[in-house]
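Peer 1: Below is a structure I'd like to ask you about.
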Amino acid sequence: MAPSTVNKPIGIDFGKLVYVPHDLDGFQLGKLRDIKSDGLLVELLESGKTVQISHDQVFPADDNQRSDVNDNCALMYLNEATLLHNCKTYVANILISINPYEQIPDLYSAKTIKTYMGKSLGTMPPHVFAIADMAYRDMKRLKRSQSVIVSGESGAGKTEAQKLILKYLCDCWGGATGAIEERLLETNPILEAFGNAKTLRNNNSSRFGKFVEIHFNSKFNVAGGLVSHYLLEKSRLCHQSVGERNYHIFYQLLAGSDETKIKEWHLGPTDKFRYLAGGCTHFFASNASRSKIPPTRCPKNSKFLVDEIVDDYVDFQRLKKSLLDTGLSESKRDNVFQTIAAILHLGNVEFEENVEDSKGGSMVSPASSKSLIMAAKLLGINPTELEQGLISRVMQPNKGGVMETMICVPLKEREAANARDALAKSIYNRLFDEIVSSINKSIPFTDSVNYIGVLDIAGFEFFAVNSFEQFCINYCNEKLQQFFNERILKHEQELYAKEGLNVPKIEFADNLDCIELFESVPTGLLDLLDEEARLPKPSPQHFTDCVHKCNKDHFRLTSPRKSKLREHRDMRDDEGFIIRHYAGSVCYQTSQFLDKNNDALHLSLEMLMEMSSNKLIQELFKPKQESPKKSPSRGGTKLVSQSVSSKFRNQLSQLLEKLHITGTHFVRCIKPNSTMEPQKFDGTQILSQLKCAGMASVLKLMQKGFPSRTSFADLYGMYKELLPSKLKQLDPRLFCKCLFRALGLNDVDYKFGMTRVFFRPGKFAEFDQLMKQDKDHMNALIAKVQSWLHRVRWKKVQYGAWSVIKLDRKIKYRAAALIKIQSALRGYKARKEQQPRLSAFKRALALQRRFNDVGSLGSKLSDKSKAQWVERIKTFSITTKERQEEMAREKKIKEMELQLLLEKEVEQERMKKMEQERLDAELAKRLAMEDGQNVVFDSNKINNNNNNNMKNEKYNLSGWTYPQLRDTINNSNDLELLFACRKELSNRLHHYHQWKANNLPASGINPNQRAPNSVLYAPVPHPEVSSTNAPPPIQRYFRVPFSTPLDSNGGQIASSSSTSLNGIWYAHFDGQFVARQMEIHPNKKPILLTAGKDDHLMCELTLDQTQLTRKKGVEIRPDEFENLWIKYNGAPYYPDNSRIR
């Protein structure tokens, strides 16, 4: 039984605030109550319940929970929990923005815009306006175009963030060009109407990517704009998931059109049209606009959806005005709406088998003939020709028959439906391109010097059913994440190393192998997909089989049966595959990959559209210069057109080229919950998004790094024209040093590299003060530099005078000392010259005496003396043998070190797989919570090693508390129990100190170093004590000097950023465990520690683990330690074996 104790837990960090994981909140606050070998005991503050959590899941918290910082780099502790609880902030120059799902008064008003204009990052609360202002100032200062990448999941607020950035730039620097500002801002309702839709996770989800450029002239005022778009989700036009809607324009047209147009175009309620009835058919409307939508246009069992941003009736009225403002005439605008109505009627055209056709063709269903006629009328073509184009395909053979002969091939029912959908998607896609082109033409454009581009593209997506759209979107996000890793993590660290800043290396998850899975030739997924389309009879099953065969050993690819979701495990291997993305694993169903990747339209339908009487349709289908070529392998029967994936791949490459040549700023948008409710924060979901975005790695790097920098030459060049002639002669590096000293900047705030000066996070205001190109301000700084130089030079003059006086005295002192040295040297020289002769004479006399005595000496030896000489000879032989054994041990140690390196590589690979498994589990949990899926966890991975180890122990001390172990060590007379308690306490403290080392404060320095680094960071770690019986106690004493402390990665910390420990560390080991410990430091009182009282401050490692017995010159005599212990008033110590009575 465990002994009872009345002592309250003391020492260590009992009572310290820590974070523990929570299923809903992500992390909860608690207090540390006890330490265990396999975890920590924490009392939850909210419920008062005590739980045991493993070490790697507990994170320290700041004692002052009321403190709030604008930059996470200023946090006391940098970990996932503190990042989560301070997520509406910056990470250096990266903004983390959370979607509030409600309108906050004055948050984006004109008054707020003025307060952020020209302000340095960090001087005002975190805001998207601050990022926009920083991008503008960087463009102006560096004379280089800038990009703002707005990223995040669907529903995180990317589109709104982009609109606010555009609004800020136009309001601040587009006042003189009101037409440009108005055109740029009016693009939003147009693009949202034709490119946004309601999804399960976002009521206004962008289903395309856009890169909006705002161009500036030589005076840095807005000079024009340009909109580029990527990957419109055309498949949404024909199919929507349950609860989702088609593009907003269809519902806006039905809700807001006047009655004349509704009758002219034969429109009705939303559930009347097949392209709308498959998903959600309800309108978005506010209380004020509901009465304006006639009931005849509403579906059965209609209900209105409410959203603060989306309102179908109001948005359509605004859309009509915006289209006119972009330069479209009223007739062309009506043609656009007429084309949208035509697509709705085209979707209602159904097909059935034609029993009279011997070739198995199809025909238009009689029930849908009215829809066919109406669609043809609105498109400006003949109904019969449209019908013939949908149910047949025209082909031109090149072998046999008369040249230029056209053959009409009938289409089956499914093929005719595909042709109908392909025509609808082609019309809508070309219409979208035309609208974007009209927007760009309508924006006035003057001389452009640089631009600021804002990227808004669909975020990482994962659903229960993931198809080609998610495949392309996630591929895009992989490329953007790689760009983020390269720009923020990889290139940043390479620059630090090149400039010699000695910044610790930060590890991050590199997704390059995932990019290679998509892009490698010829086994990449994109190439395999295009290759499958070229086959005579392509099939999704064959494509999926090829994917698995060509990439069977790829870490990022696996089969659906390994999914965490039960629904995916039921899929066959030829029905889909799983890709391990940077954000987690996603299972893709490939049944529609080939159809959705095919962007070709039958030649007959394309020719039919070209002959339309509708001018807009004619313009949309006007032949381009690069017409599709005929495939030579198929005899001209199959048109070769670029696939959707290859088009998207090329567009993405062009986009990344733009991003690479511009300065980049990042806004990471976070979705607080899945239900789109205000004032609701799902901590687990937020934390998952932060980790997927790589913000934890960025936080570690930026806290130790220098996000702001400029070259010495650029900084000197800014001031050169205003400098006096004397200051112009200064070296650029020296001028920068003078400038910083004159401003009174702290050495910790900046650091000089080889060619640049770097500023730490949170010092953007000081950096902007230096880079502010204002003549009066610059002249004031130059005056400070001159004043500082005068003071420094006067101090140098004083120092020079003092040095001359000191040198004069030193010369006189050395002259007197030189005479003494000469005298001593002459005496030494004489003695050295005669010494060989004197030594030879003395040795000759000694040899003569020994030679005379050697004969009689042997006969006089006693038996005892002879035995001693024999023992001495044997001892010499044993010493030789020990040396051989020592050499063998050293060889074995080298082999162990090599084995340790191999094991470390294996462990890194295992940790990579574990991290991927963790991401997959989190993603599966989120999907299960949002979509009601079943999550499957593998139960065979539970490790029961701890239980097996307990069975082999005589004493089970796992339930004992820390005070109980400590009291037993102080009071027990049972040596075996005493040894077991010491072993358990050593093991607990070892894991506890490892936990503290992994969770150091942001400074990276451990204020309480328990032992020198050569002891704590032994090169070859020994196994823990495995004996269950107490070995005979041996008292041993050691002395080790302190060295420069190590950082968390095991590398030395530069002396400029840390306080090195100087002194001597003494340790007394009673058997395997430290009994007493001393630290002797200069200019500091000695520190004396005793086991049983100060265990948490002492070295917890066993004697074997420290490897002190293998180090030469560190072991000392007992009296040396005892004399120092008594000298510094140490308490008497009684060894363990002296307790037995």
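Peer 1: Would you confirm whether any residue within segment 190-211 is closer than 22 Å to Gly155 by Cα, of a type in the set (Lys, Arg) and at pLDDT below 85?
Peer 2: Taking every residue of segment 190-211 in turn, at least one turns out to be closer than 22 Å to Gly155 by Cα, of a type in the set (Lys, Arg) and at pLDDT below 85.
Peer 1: Given (1) at pLDDT below 90; (2) more than 24 Å from Glu160 (Cβ to Cβ); (3) under 39 Å from the mean Cα position of the chain (by Cα); (4) among the hydrophobic types (A, V, I, L, M, F, W, C), where does Ile457 come up short, assuming only one miss?
Peer 2: (2)
Peer 1: If we scan segment 1039-1052, do we find a residue that is under 30 Å from Leu17 (Cβ atoms), in a loop (DSSP other than H, G, I, E, B), touching a Gly at 6+ places or on another chain (Cβ under 8 Å) and at pLDDT below 50?
Peer 2: Yes, segment 1039-1052 contains at least one residue that is under 30 Å from Leu17 (Cβ atoms), in a loop (DSSP other than H, G, I, E, B), touching a Gly at 6+ places or on another chain (Cβ under 8 Å) and at pLDDT below 50.
Peer 1: Looking at (1) under 30 Å from Gln103 (Cα atoms); (2) at pLDDT 95 or above, which is the one condition that is false for Thr339?
Peer 2: Single failed check for Thr339: (1).
Peer 1: Can you say whether Val314 is at pLDDT 90 or above and more than 18 Å from Gln388 (Cβ to Cβ), as far as the supplied structure shows?
Peer 2: Answer is yes for this residue.
Peer 1: What residue, among those in segment 1088-1115 that are under 28 Å from Asp967 (Cβ atoms) and among the β-branched types (Val, Ile, Thr), is surrounded by the fewest Cβ atoms within 10 Å (Cβ to Cβ)?
Peer 2: Once the filter is applied, the top-ranked residue is Thr1090.
Peer 1: Being touching an Asp or Glu at 6+ places or on another chain (Cβ under 8 Å) and either under 21 Å from Ala422 (Cα atoms) or of a type outside the set (Asp, Glu) (or both) is the filter here; which residues of segment 322-346 pass it?
Peer 2: If the condition is that a residue be touching an Asp or Glu at 6+ places or on another chain (Cβ under 8 Å) and either under 21 Å from Ala422 (Cα atoms) or of a type outside the set (Asp, Glu) (or both), then Ser322, Leu324, Thr326 are the ones that fit.
Peer 1: Looking at (1) touching a residue at least 40 places away in the same chain (Cβ under 8 Å); (2) out of contact with any strand residue (DSSP E or B) (no Cβ under 7 Å at 6 or more places or on another chain), which is the one condition that is false for Lys263?
Peer 2: Only one criterion in (1) touching a residue at least 40 places away in the same chain (Cβ under 8 Å); (2) out of contact with any strand residue (DSSP E or B) (no Cβ under 7 Å at 6 or more places or on another chain) is unmet by Lys263, namely (1).
Peer 1: Does Val436 meet the test of being in contact with a Phe, Trp or Tyr (Cβ under 7 Å, 6 or more places away or on another chain), modelled with pLDDT of 90 or more and hydrophobic (A, V, I, L, M, F, W, C)?
Peer 2: Judged against the criteria, Val436 is not a match.
Peer 1: Quick check on segment 298-320: of everything there that is charged (D, E, K, R) and either crowded, with 21+ Cβ neighbours inside 10 Å or without any contact (Cβ under 8 Å) to a residue 12 or more places away in the chain (or both), which residue is nearest to Ile443 (Cα to Cα)?
Peer 2: The qualifying residue nearest to Ile443 (Cα to Cα) is Asp315.
Peer 1: Still on this model: Taking the condition of being polar (S, T, N, Q) and either surrounded by fewer than 24 Cβ atoms within 10 Å (Cβ to Cβ) or in a loop (DSSP other than H, G, I, E, B) (or both), how many residues in segment 689-707 meet it?
Peer 2: 2
Peer 1: Please go through segment 70-90 and pick out each residue that is modelled with pLDDT of 65 or more, among the aliphatic types (A, V, I, L, M) and within 22 Å of Asp749 (Cβ to Cβ).
Peer 2: Passing the criteria: Leu75, Met76, Leu78.
Peer 1: Any chance you could count how many residues in segment 449-493 are hydroxyl-bearing (Ser, Thr, Tyr) and assigned to a helix (DSSP H, G or I)?
Peer 2: Of the residues in segment 449-493, 1 are hydroxyl-bearing (Ser, Thr, Tyr) and assigned to a helix (DSSP H, G or I).
Peer 1: When both residues are 6+ apart or on different chains and their Cβ atoms are under 8 Å apart, which pairs have a first residue that lies in segment 907-920 and is of a type in the set (A, V, I, L, M), and a second that is in a helix (DSSP H, G or I)?
Peer 2: If the second residue must be in a helix (DSSP H, G or I), the pairs left are Leu919/Lys691; Leu919/Cys692.
Peer 1: What is the one condition in (1) modelled with pLDDT of 80 or more; (2) over 30 Å from Pro536 (Cβ atoms) that Met695 does not satisfy?
Peer 2: Tallying (1) modelled with pLDDT of 80 or more; (2) over 30 Å from Pro536 (Cβ atoms), Met695 fails exactly one: (1).
Peer 1: Somewhere in segment 111-121, is a residue among the hydrophobic types (A, V, I, L, M, F, W, C) and under 22 Å from Leu701 (Cα atoms)?
Peer 2: Looking through segment 111-121, at least one residue is among the hydrophobic types (A, V, I, L, M, F, W, C) and under 22 Å from Leu701 (Cα atoms).
Peer 1: Restricting the search to segment 341-373, which residues are assigned to a helix (DSSP H, G or I), surrounded by 22 or more Cβ atoms within 10 Å (Cβ to Cβ) and among the aliphatic types (A, V, I, L, M)?
Peer 2: Result: Ala341, Ala342, Ile343, Leu344, Leu346, Leu372.
Peer 1: Can you spot a residue in segment 559-567 that is at pLDDT 90 or above, assigned to a loop (DSSP other than H, G, I, E, B) and crowded, with 16+ Cβ neighbours inside 10 Å?
Peer 2: yes
Peer 1: A further question on this structure: Sort through Ala193, Ala161, Ala156 and tell me the only one that's of a type outside the set (Asp, Glu) and farther than 26 Å from Ile488 by Cβ.
Peer 2: So the residue among Ala193, Ala161, Ala156 that is of a type outside the set (Asp, Glu) and farther than 26 Å from Ile488 by Cβ is Ala193.
Conditions (1) of a type in the set (Ser, Thr, Tyr); (2) buried (at least 22 other Cβ atoms within 10 Å of the Cβ); (3) under 17 Å from Lys671 (Cα atoms), marked per residue:
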| position | (1), (2), (3) |
| --- | --- |
| Ile131 | no, yes, no |
| Lys140 | no, no, no |
| Ser145 | yes, no, no |
| Val148 | no, yes, no |
| Gly152 | no, yes, yes |
| Lys158 | no, yes, yes |
| Gln162 | no, yes, yes |
| Tyr168 | yes, yes, no |
| Asp171 | no, no, no |
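Peer 1: Would you pick out the residues in segment 1104-1132 that are of a type in the set (A, V, I, L, M) and touching a residue at least 60 places away in the same chain (Cβ under 8 Å)?
Peer 2: Listed by number, the residues that qualify are Leu1108, Val1114, Ile1116.
Peer 1: Further, regarding this structure: When the residues of segment 207-253 are filtered to those that are in contact with a Gly (Cβ under 8 Å, 6 or more places away or on another chain) and of a type in the set (S, T, N, Q), which remaining residue is surrounded by the most Cβ atoms within 10 Å (Cβ to Cβ)?
Peer 2: Asn246
Peer 1: Tell me which residues, restricted to segment 563-574, are farther than 25 Å from Gly459 by Cα and free of Cβ contacts under 8 Å to residues at least 60 places away in the same chain.
Peer 2: Residues satisfying the conditions are Asp570, Met571, Arg572, Asp573, Asp574.
Peer 1: Here is a list of conditions, (1) assigned to a loop (DSSP other than H, G, I, E, B); (2) under 30 Å from Gly152 (Cβ atoms); (3) not aliphatic (A, V, I, L, M), and Thr446 meets all of them except one; can you say which number that is?
Peer 2: Going through the list (1) assigned to a loop (DSSP other than H, G, I, E, B); (2) under 30 Å from Gly152 (Cβ atoms); (3) not aliphatic (A, V, I, L, M), Thr446 breaks only (2).
Peer 1: Now a separate question. Of all the residues that make up segment 254-270, how many are surrounded by 18 or more Cβ atoms within 10 Å (Cβ to Cβ) and either within 19 Å of Ala376 (Cβ to Cβ) or not aliphatic (A, V, I, L, M) (or both)?
Peer 2: The number of residues fulfilling the criteria is 6.
The values are calculated or read from the model by the stated rules, or taken from the named source; none is laboratory data. Bear in mind that the values here come from a model prediction, so they are computed numbers and not experimental data. Every residue, glycine among them, receives a Cβ derived from its backbone with ideal geometry; neighbour counts consider all protein chains shown.
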